[in-house]
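Have a look at the structure below before the remarks.
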Amino acid sequence: MTALFFRDLKLSIRAGGGALIGVLFFLTIVAVIPFGVGPDLKLLSRIGPAIVWIGALLAALLGLDRLFQAERDDGSLDLMLMQETPLVLTVLVKCFAHWTATSLPLVIASPLLGLFMNMDETAIGATILTLLVGSPAITFIGAVGAAVAVALPRGGLLVSILVLPLTIPVLIFGVSATYAAVEDAAPFLPPFLILIALTLFFAVIGPAAAALALRNTAD
Amino acid sequence: MTALFFRDLKLSIRAGGGALIGVLFFLTIVAVIPFGVGPDLKLLSRIGPAIVWIGALLAALLGLDRLFQAERDDGSLDLMLMQETPLVLTVLVKCFAHWTATSLPLVIASPLLGLFMNMDETAIGATILTLLVGSPAITFIGAVGAAVAVALPRGGLLVSILVLPLTIPVLIFGVSATYAAVEDAAPFLPPFLILIALTLFFAVIGPAAAALALRNTAD
Amino acid sequence: MSETSLAISKFSDLANPTRFLALAARAIPWLTGITALCFIVGLYLSFATEGDYQQGETVRIMYVHVPSAWLSMMCYTIMSLSAIGTLVWRHPLADVSAKAAAPLGAAFTLLALVTGSLWGKPMWGTWWVWDARLTSVFVLFLMYLGLIALGRAIDDPSKAARVSAVLILVGFVNIPIIKFSVEWWNTLHQSASVLRLDGPAIDPEFLRPLFVMAIAFTLLFFTLHIMAMRNEIWRRRIAAQRRLAARMASRED
Amino acid sequence: MHLTAENLAARRGEDLIFVNISFHLAAGEALVLTGINGSGKSTLLRVVAGLLRPEKGTVIFHGEESLGGRDPGEVSHYLGHRNAMKSELTVAENLDFWRTFLGNTGSAPLSVEDATDAVGLSGITHLPFGYLSAGQQRRIAFAKLLVAHRPVWILDEPTAALDASADRLFADLIMTHLEKGGIVLAATHQPLGLRNAQELKMTGFAGVDSGIWG
Amino acid sequence: MHLTAENLAARRGEDLIFVNISFHLAAGEALVLTGINGSGKSTLLRVVAGLLRPEKGTVIFHGEESLGGRDPGEVSHYLGHRNAMKSELTVAENLDFWRTFLGNTGSAPLSVEDATDAVGLSGITHLPFGYLSAGQQRRIAFAKLLVAHRPVWILDEPTAALDASADRLFADLIMTHLEKGGIVLAATHQPLGLRNAQELKMTGFAGVDSGIWG
Amino acid sequence: MTHAFYVYASYGFAALVTIAVTAWTWADGRARRRELAALEAAGIRRRSARPKDSVGDGE
Ligand code: HEM
Ligand SMILES: Nc1ncnc2c1ncn2[C@@H]1O[C@H](COP(=O)(O)OP(=O)(O)OP(=O)(O)O)[C@@H](O)[C@H]1O
Ligand SMILES: Nc1ncnc2c1ncn2[C@@H]1O[C@H](COP(=O)(O)OP(=O)(O)OP(=O)(O)O)[C@@H](O)[C@H]1O
Ligand SMILES: [Mg+2]
Ligand SMILES: [Mg+2]
């Protein structure tokens, strides 16, 4: 299983440039956005956390849709399906590898991005914490979509309908927990705990559903 | 060439989910932003056009990276490279098909999205117009990245990094033209004309560079 | 076509890396010496001249900020010229030149960004604003990093060079944007006051150290560029010889 | 140790591809599937490997140690039309991965070097898999069978794209596996040259089945 | 009409795969490339098709009408290891696309129905290409050569994954093309059974070349 | 903070970057040269540097 983890990591580093690329990508989005919204520093720092979260969502989704499709196309998926090790475990490891390669670097780089968005220390800290806790959920949800895409060759539409709406709650609680940390009025813990619960929930449901979908692939 | 256009259209609808991904992705963003800026309707309508544009940018990028990679993987690219018809033309048609499948629906849906963002009629009209004129430029720029991605084994993210910075001018003029239409102080035409010029410029440069890259990466 | 390939081989004879190495070996000591001299004079002038009545001591930041900003653009221009060399003439030294320039360009751009920020804090009251000039320079920095990453992601060097060349040329649109952004948008940033058609509009008191420093930075860039090109040629020579050796070893048994 | 299939039937879309296929393979025996294109060879192999659900019937593997039957997929190597290798990784990395991922059940498998040597390609393990020629890729895919032990080999046209010398090499490797008490199922268009192999000729299209709706 | 190659050399990575390959094919002539796996057959075919830049040498096609030579890629069909078909689209949609995209140069090509009939698969044009068996996919890829006319056919192992009857069918189609004055280049491991075909045996690895850096 | 701080910070950073880049380029060059020397010592020589009388080995 560690072999699978490192293979996937190696693949995404070799193919995409890995961590550096993820951070760069994120930086670019963050650089684009203030340009649209205008150089209003107060506004920027207010929408900062939301932008960082949206960037994380997009970065996680890019490439996630081919998580299993690439394996199917070259036949590796067949061999993985045949193994005695539970398929759920394989899916989980693949999810972790994807998260490590694309989302973790973003979490690490987010303080820098926070500075660019003119956010204060509390906001930056809260963003890191919520991203760290919440971003795996996006990967787990995406894995279900990726598995469905393999099972139904023509199911592209279905995948987007499936995956994007499901990520909305994660995004909402992630962002609102961050804001709760900044503003004194709202309590931080409730949305944060919900975020943790969401991640744990999807960590169980996601790989299980993905494994189920993979087992039922058309051929 | 029309055959290529319709094939690509059919493929993106059948396999990728096409239109809906963009709109859904966009809705996700729109659902999250108010959490950042709070339920401040005036502020929302102010940042509305910028958000619509950013959504359009990100939606256009989803899937763009595999524009040529998919063709390479099944060998179709070889045949396209061999033809007598200039490669630039083939690239241009593929760009149009991609734009029609992902960006056009977003343009069509933008009035609805404008309503979500509490924008007034002028702003909505201006957003549609600028999106219609400006979004092809994003596709053309992205095509260069997609062509470069063919040289890489699997280079989704790397391509976005190289390509995203170049879309910034398009975004700037698109957004500023929209704002100019809303605010009386600034004239609408100059940024709008620059936007048109940018699109035309990239319509020439993009496919030419993409064709050059494709010719140089064949193996 | 066979004539052209013959011409190309003639051309590559001219572009012979060995000849370049010999040239570099002779030029580098001289360049190093002159660069050091210029820096000594430039640094002396920068601290000897008076401060501005408006900006006070901080005007001295200009003497590092402006040259590094110029160099960040010049370096990209050199890469673009090399890219044309790669695509049009398939000149192998052009590949090497573009590849060697990218990290240097990134370094000078970083320098411009940081010194600009350090100047911005006392002058504008903030480290960073998202205006056209600053954003376009930031984009330039990202492009340098992206090109470095691209060069590493493709293992065949000549293929990597050709692909990067296409992207370098496409990215060149950013250079005019940087140069003219202050005129196209009204921004916080200073508009051009030295490199103007109607002559510099700046006090000669500041102009003298600025020019010496600019020359020193430019010389530093060329010295480093030639050294980096030489390193790259050596790197490729080593790779070629290693592969040769591996092949010979596997052939022998 | 034996592999038994009883009354297998499989469906693709609306068509039944085959019905009532049964076979019994003991240790050291091979089954060669022949038949025209589209006759259902690959389909049968995928059913045996557990990748496709049969419409009817069962396949069971009985090992030496345990009494109850096992899922044949878990004790099998499957070499399909596709090679299950990543073109971005080098040959050595690919094989190393499968060696660790597939794990080791039973007797000691070959090392990566020995396996590539066995298929005649020990010199090029440092190349990315995508750089290899079609036949070299196929050989490396076959080397995968050697780096982890599985008693049953399910081979779908193993010799496609191979030259004559590799054909013989593969036949030898398969014979060695059989002699060690393995079981081989292979679909092929060219004679593999195996001694004492059962042959099963697929005919394709066993009828339209309207299922429970008819 | 003739296709001429002079002193071709090609490189992959640092290795020269072949040097000094020359051939001359007039209308109705065929060239069969043989050689072990990795000997450079596919590489040579890709050079001729214009998909790979040769290290040295030229390939030129001289047609009947024009005096100057043409790029051989433009007048050729290339059937590579990959089938150039989209598995999401049906067989008919795929062939229709290539028929229109490739356009028609010279003599009248077959319709999609006739072409699938010629490769013996007229019944399944409504199926998505991805559903077909390996051999059926290869046959459809071959049918692509029939829906648009090109004087030169460049075939890379056309008969891989095919059954015996399809082998013969392909050989007949190739013979017909030759009789009509076409030119065929084919790489193969199994004899195609073409009469009066030149044969070129590739040996692979023509030497290491450290290039200008060494 | 005083203006002098910003001036010295920028000069300091400029010195840091230029020295770092110079040192890196120089160190890279030294490493390459050492590798070349090692290859030379191992008996692998460039074709152009090879003496004329030695027979080409297998090329
Ligand atoms: C991070 C922030 C900054 C960046 C990225 C930046 C970038 C640049 C660039 C690229 C140039 C060269 C422009 C050309 O040649 O036309 C330049 C020149 C210049 N910058 Fe900045 N700058 C920054 C901050 C500042 C600040 C805060 C000041 C002073 C208040 C300043 C003053 C100048 C001056 C005086 C020039 C010379 C203009 C000329 O004569 O052409 N810069 N800067
Ligand atoms: N959804 C479907 N509807 C109808 N027929 C289908 C469907 N999917 C596959 N088929 C048919 O099922 C058969 C599958 O055959 P299979 O792949 O097992 O053939 P094979 O014997 O391996 O052939 P080959 O020698 O070409 O590899 C083919 O005839 C194919 O056309
Ligand atoms: N980057 C590279 N570096 C070194 N060798 C390479 C590289 N890319 C390809 N090769 C080698 O070049 C040769 C390519 O051979 P090619 O694909 O033309 O063989 P082929 O004759 O078609 O073989 P097959 O019968 O297996 O299809 C292979 O030996 C391969 O290992
Ligand atoms: Mg089959
Ligand atoms: Mg081949």
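Bear in mind that the values in this text are calculations on the coordinates, not laboratory data. Computed from a prediction, not measured in an experiment: that's the story for all the values here. Reconstructed Cβ throughout: ideal geometry from the backbone, glycine too, with neighbour counts over all protein chains shown.
Inverting the pair-averaged 1/r between distinct Cα atoms of the protein assembly as shown gives 32.5 Å as its Kirkwood hydrodynamic radius. The count of lysine pairs in chain D whose Cα atoms are under 23 Å apart, excluding pairs fewer than 8 places apart on the same chain, comes to 6. Each peptide in E:156-162, D:187-193 gets a packing score, the mean of other Cβ atoms within 10 Å over its residues, and the list from highest to lowest is E:156-162, D:187-193. Compared with the dominant principal axis of the Cα atoms in chain E, helix E:164-179 is inclined by about 70°. Shape descriptor for the stretch D:39-102: Rg over Rh equals 1.07 (Cα atoms; Rh from the Kirkwood inverse mean 1/r).
Once the other residues with Cβ under 14 Å from the Cβ of D:Thr4 are scored (Lys, Arg +1; Asp, Glu -1), what is the net sum? Here the count lands on -2.
Over the stretch D:2-201, the ratio between the Cα radius of gyration and 2.2 N^0.38 Å evaluates to 1.01. GNM on chain D, alpha-carbon springs under 10 angstrom: the most fluctuating residue among D:Asp114, D:Asp172, D:Asp163 is D:Asp163. Dividing the helix sum by the residues of the protein assembly as shown, where each DSSP H run of 4 or more adds -39500 (n - 2.57), gives a mean residue ellipticity at 222 nm of -20000 deg cm²/dmol.
Listed by chain and number, the aspartates and glutamates whose C-alpha is less than 16 Å from the C-alpha of C:Lys99, apart from same-chain residues fewer than 8 away, are C:Asp155, C:Asp156, C:Glu232, F:Asp28. Sorted shortest first, the distances from the D:Glu199 label point to those of the same residue in the other copies are 2.6 nm; each point sits 7 Å from Cα along Cα-to-Cβ. The lysines whose alpha-carbon is closer than 19 Å to the alpha-carbon of C:Lys121, local same-chain residues fewer than 8 away aside, are A:Lys42.
Taken along the Cα-to-beta-carbon direction at a fixed 7 Å, the label points for D:His81 and D:Gln198 span 2.6 nm. Compute the acute angle (0 to 90°) between the alpha-carbon long axis of helix E:91-102 and the principal axis of greatest extent of the alpha-carbon atoms of chain E; round to the nearest 10°. Value to nearest ten degrees: 50.
In the stretch F:3-42, the alpha-carbon atoms span a convex hull of 26 Å³ per residue.
For the stretch A:167-219 versus the stretch E:1-76, the inter-centroid distance based on Cα atoms is 58 Å.
Expressed in whole Å with the largest first, what are the equivalent ellipsoid semi-axes of chain B derived from the C-alpha gyration tensor as the square root of 5 times each eigenvalue? Can you show the working numbers first?
Numbers: eigenvalues 211, 64, 42 Å².
Three semi-axes, in Å: 33, 18, 14.
Judged by the mean number of other Cβ atoms found within 10 Å, the most tightly packed of the peptides B:186-197, C:219-230 leads the ranking C:219-230, B:186-197. Using Cα pairs under 8 angstrom and six or more residues apart, how large is the relative contact order of chain D, in percent? Contact order relative to length: 32 percent.
Modelled spin labels at B:Leu200 and A:Leu132, positioned 7 Å past Cα toward Cβ, are 5.4 nm from each other.
Can you check how the C-alpha radius of gyration of the stretch C:57-125 compares to 2.2 N^0.38 Å, as a plain ratio? Relative to the rule-of-thumb radius for its length, the stretch C:57-125 sits at 1.41. Against chain B, whose longest principal axis comes from its Cα atoms, helix B:156-182 is set at around 40 degrees.
Show me A:133-144, B:44-55 ranked by packing, highest mean number of other Cβ atoms within 10 Å first.
Details: A:133-144: 26.5, B:44-55: 24.4.
Listed from highest to lowest mean packing, they are A:133-144, B:44-55.
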